[in-house]
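Structure first, commentary second.
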């Protein structure tokens, strides 16, 4: 029984290592930064495990503002796919309709298989924050 547990642990590590070698890195940027109300450009760069651009991925974007029981504000969500603009770069315009915290999930797939996922919380502002000197 103990040998079976050891073999299972080694197999799990091997599978994990194999998954890491096939994974990709996602970098998210927005213009403006930080987010503002209205149109915002979301840009994602995708690189493989060796740092090379992934040029044939599909990028899905989900923005979610959770419901707020105190203010009785319902959940808000925006979903879409980003455009492939070449060289491992993908972008698209998202309209942000409310100031506050948004949970952003970027999902990259390639030929129907998951490549990577990135989750990030971004804050949308009514007006751009004052720049620090």
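At each listed q (0.20 Å⁻¹), what is the log10 of I(q)/I(0) that the Debye formula gives for segment 24-125 modelled as equal alpha-carbon point scatterers?
Each listed q corresponds, in turn, to -0.96.
For residue 50 and residue 76 in one chain, what is 0.36 nm times their gap in residues minus the Cα-Cα distance, to one decimal in nm?
Result for the pair: 5.7 nm of gain on full extension.
Which three numbers, in whole Å and largest first, are the semi-axes of the equivalent ellipsoid of segment 26-79 derived from its Cα gyration tensor as √(5λ)?
30, 14, 9
Read-outs: derived from the displayed coordinates by stated rules, not from any lab. Nothing here was measured: the structure is a model prediction, and the numbers come from that model.
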